[in-house]
Amino acid sequence: MVSLYDSGIYLVNGTEIVPESESGKVKKLTGKDADQASARKGTIAYSILEAHNTSGDMEHLKLRFDSMASHDITFVGIVQTAKASGMEKFPIPYVLTNCHNTLCAVGGTINEDDHMFGLSAAKKYGGIYVPPHIAVIHQYMREMMAGCGRMILGSDSHTRYGALGTMAIGEGGGELVKQLLEQTWDAEYPEVIAVYLDGKPNPGIGPQDIAIAVVSAVFKNGYVKNKVMEFVGPGVSSMSTDYRNGIDVMTTETTCLSSIWRTDEDTKAYLDKHGRPEDYRQLDPAQTAHYDGCIYIDLSTIHSMIALPFHPSNGYELRELNENMDDILHEVEENASKLIKNPNLRLNLRDKVRNGALYADQGTIAGCAGGTYSNIMEAAHILKGKSTGTDEYALGIYPSSQAVMLELTRNGALADLIEAGATIRTAFCGPCFGAGDTPAHNGLSIRHTTRNFPNREGSKPGNGQLASVALMDARSIAVSSANGGRIMAADEAGYEFECPEYRYDPKAYQHRVFQGVGKGCSEETVICGPNIKDWPELPELNDHMLLKVCAYITDPVTTTDELIPSGETGSFRSNPMGLAEFTLSRRVPEYVGKAKAVMENEKARKAGNCPAEVADIISRIRNISGFEEIQEEKIDLSSTIYAVKPGDGSAREQAASCQRVLLGGANITVEYATKRYRSNLINWGMIPFIMNGNPDFEDDDYIFVPDIKKALDGDMSDIPAYVIGKEIKKLSLAIAPLTDEEKEIIQCGSLINYNKAHKA
């Protein structure tokens, strides 16, 4: 059972939930009156944020992090940006991992060139370099960097180490650049939501089952959006730390800002085992702590779950699915047809039903969510002595690190899996983002990974290729695998398993990972392969904006996988203009051509050869009262996209930077799905507009935003604009509050320009 409180609560002695409306009970329990202001400081989150805040004002945070992490889709751009901004060394431990592009089949030397860039950057600036196949980014950070009371910033949305007492945040690369330049991560103090865990999970129930139940309960209503989830209650200690990690990493799919868990003896044992006893301290809420909401979970009531395509929140109990299969699958198919913008393609899940049972074509247990020691051990136990079959169905297992792989090898678990027909891969995030184990056209893959967004598994609906992913726990995937892909619930399989203790051996890291913290050498040269390109020059903000709408998206949510596709497109991650060619390619294929046309028109206009179309628009602007004498040189032309709610999903800033290098000037939205996407827009010099009222414009319309610089210095709640379409119509835009620094970044045209200006 997952239930949500409709108001704030007090948590007393870590065990008693008192709703705000019953605050008088606080005095009965503690002898003191309820004091919301002081109790607000009693959360674990408050103490950690306070320790890392440099502003002196807890309502307006300016945070410095203890360490950072990036993988090989993001670290080249981050280092290049920081270098262009004047960085001379990594001021805090910075881990560069290589778990994303390792196996991308792109040909040439691109992948290894980026790896050599990362190693040489770690040598020059003093970082940690984790070579390909050694560990996925978050497993390495859990094993080697997370500690109680710390904060870690990562350029990956699943940067979550709350179960180890670390508040971690996934952001776009621009925010990591700021830390490298000894600047701060700025935000208003977030609301904190208690996640009260009671009871204990039943046999067969794994972390993904609990995660899907939680995500399904809170995603659509935005209950924890941009808030901190704080896990408390006696149920925490019913699970191992390894198990907790599997729940924690999935909090990203709720759109929360960060997570933190109370710690206990099992947390201590985990850190002791990894040779870091000094990194443990007990974290508990104060005697009385106030939370802005509460999610109550009775762990004993959670059943085996499945998240059907195309979102982790599309969750069902497997028993419910089996009892109402035709109705549920039909509804999923109908919803999918609204997402897949190819009239010749349809999701046909009901074709996967045989003799009343749903069958998958593929199973995968992988990455930071699925590839943990305890998940794979339980899968091996279930599959020992069984067979995955010799037909279409195939099972792939990706241990999350070589350290985990080493122990699974020594204790025989991998042998049991291989004997059953599973194939074993190295540490790689490919199945999580569409670069590994892509199912066949019309295929259904069941995965213990993080996401099942459209196209996330590698299919390309625009090219007539469509596959789908359902998220499940490793335990249910193993039971299903033992039955030829027939989707079955592990909690109905009737087994119990006591997972053997994990014996960590550091040699897999000691003998391969470059440790360069504090050892940077300025004489080292950063090695740049031929595909690694510098950022192009980006213009400063002019007095007036003229935007052409090059994409108009009315989907309820637009993910970063749609804004810039994952998978093989990431091979161009180090080439800004090369990567930009893929912007919106699987959602609005015509966008790049339109944006390029705007860019070329602006170049021509600046060169004194104003295209007729643009000249006509400017002449129509002069017909607007008050702008009869407007100076053309005070107007800059750029492109924009309209989307209802963009930015759900990945932290990678390419979703914004690819628009910017094509001369994108703004996004116009109803709301932003995540803080990180909005931050990415700002750091790349784009204005994050929101609509006041309905979007009274169409694709290919021009939008004139006069006096935009002045607007940034005002309250930004009602910014007049004009639609220059078939007729001229007034439009009201707004911008949610910006810090003074964010305003200056936008005015400078990018974070790079901002830092260059301040260095000068």
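Considering only alpha-carbon pairs that sit under 8 angstrom and 6 or more positions apart, the relative contact order computed for segment 544-759 is 25 percent. Please list log₁₀ I(q)/I(0) at q = 0.14 Å⁻¹ for segment 65-185, using the Debye equation with identical point scatterers on the alpha-carbon positions. The Debye formula, applied to the Cα set alone, gives -0.53. Rounded, prolate or oblate, given the Cα gyration tensor of segment 260-416, with a/c below 1.5 counting as rounded? Here segment 260-416 falls in the oblate category.
This model, with +1 at the C-beta of Lys and Arg and -1 at the C-beta of Asp and Glu, gives segment 544-759 a dipole about its Cα centre of some 500 debye. Relative to the longest principal axis of the Cα atoms of the chain, the long axis of helix 591-606 lies at roughly 30 degrees. Phi angles of segment 40-53 translate, via the Karplus equation with coefficients 6.51, -1.76, 1.60 and θ = phi - 60°, into HN-Hα couplings of 4, 7, x, 6, 4, 4, 4, 5, 6, 4, 4, 5, 10, 8 Hz per residue; Gly and Pro are given as x.
Let me make sure I get this right: for segment 296-378, a, b and c are the square roots of the gyration tensor eigenvalues over alpha carbons, sorted descending. Under 1.5 in a/c it's rounded, otherwise prolate if a/b > b/c, else oblate. Which is it? It comes out prolate by the Cα gyration axes.
The trypsin sites (Lys or Arg not before Pro) of segment 576-634 that meet both conditions, a loop assignment by DSSP and at most 13 other Cβ atoms within 10 Å of the site Cβ, are 622. Sparse packing (at most 16 other Cβ atoms within 10 Å of the Cβ) combined with a DSSP loop state is found for the following GluC sites (Glu not before Pro) in segment 708-760: 727. Take every pair of alpha-carbon atoms less than 8 Å apart whose residues are at least six positions apart; their mean separation over the length of the chain yields a relative contact order of 15 percent. Computed from Cα positions, the angle between helix 373-383 and the longest principal axis of the chain comes to roughly 60 degrees.
About its Cα centre, what dipole magnitude does the chain give when the only charges are +1 on Lys and Arg Cβ and -1 on Asp and Glu Cβ, stated in debye to the nearest 20? Spell out each step's value before the answer.
Values: 74 positive and 101 negative charges, 234 e Å.
The dipole magnitude comes to about 1120 debye.
Of the listed pairs 124/178; 83/533; 178/645; 594/743; 83/507, which have alpha-carbon separations greater than 21 Å here?
Flagged as over cut-off: 178/645; 594/743; 83/507.
With neighbours defined as other Cβ atoms within 10 Å of a residue's Cβ, the residues 625, 313 order from fewest to most as 625, 313. Counting only residues at least eight positions apart within a chain, or on another chain, the aspartates and glutamates with an alpha carbon under 15 Å from that of residue 28 are 16, 20.
Quick one: grab the alpha carbon gyration tensor of segment 544-759, order the square roots of its eigenvalues as a ≥ b ≥ c, and give me rounded if a/c is under 1.5, else prolate or oblate depending on whether a/b is larger than b/c. Judged from the Cα gyration tensor, segment 544-759 comes out rounded (a/c under 1.5).
Listed values for segment 336-343 are Karplus-derived 3J(HN,Hα) couplings in whole Hz (6.51 cos²θ - 1.76 cosθ + 1.60, θ = phi - 60°), namely 5, 4, 6, 8, 8, 8, 9, x, and x replaces Gly and Pro. Reported to the nearest whole Å, the Cα centre-to-centre distance from segment 717-743 to segment 447-501 is 45.
Scaling the Cα radius of gyration of segment 469-553 by the globular reference 2.2 N^0.38 Å produces a ratio of 2.26. Restriction of the trypsin sites (Lys or Arg not before Pro) in segment 707-760 to DSSP coil positions whose beta-carbon has at most 13 other beta-carbons within 10 angstrom yields 726. Charges were assigned to the Cβ only: +1 to each Lys and Arg, -1 to each Asp and Glu. The resulting dipole of segment 214-299 about its Cα centre is roughly 280 debye.
The spread of Cα positions in segment 164-236, taken along each principal axis and listed from longest to shortest, comes to 48, 27, 20 Å. In the set (1) 93, 74, 48; (2) 159, 53, 43; (3) 79, 66, 59, the label that goes with Cα extents along the principal axes in Å computed for this structure is (3). Pairs from the table (710/756; 603/710; 519/675) lying more than 29 angstrom apart at Cα are 519/675. Taking the charge dipole of segment 65-185 about its Cα centre, with +1 at Lys and Arg Cβ atoms and -1 at Asp and Glu Cβ atoms, the residue from 137, 110, 92 reaching farthest to the positive side is 92.
Every number here is computed from the coordinates shown, using simple stated rules; none is lab data. Because the structure is predicted, anything quoted here is derived from the model rather than measured. Here Cβ is always computed from backbone atoms with ideal geometry, including for glycine, and neighbour counts include all displayed protein chains.
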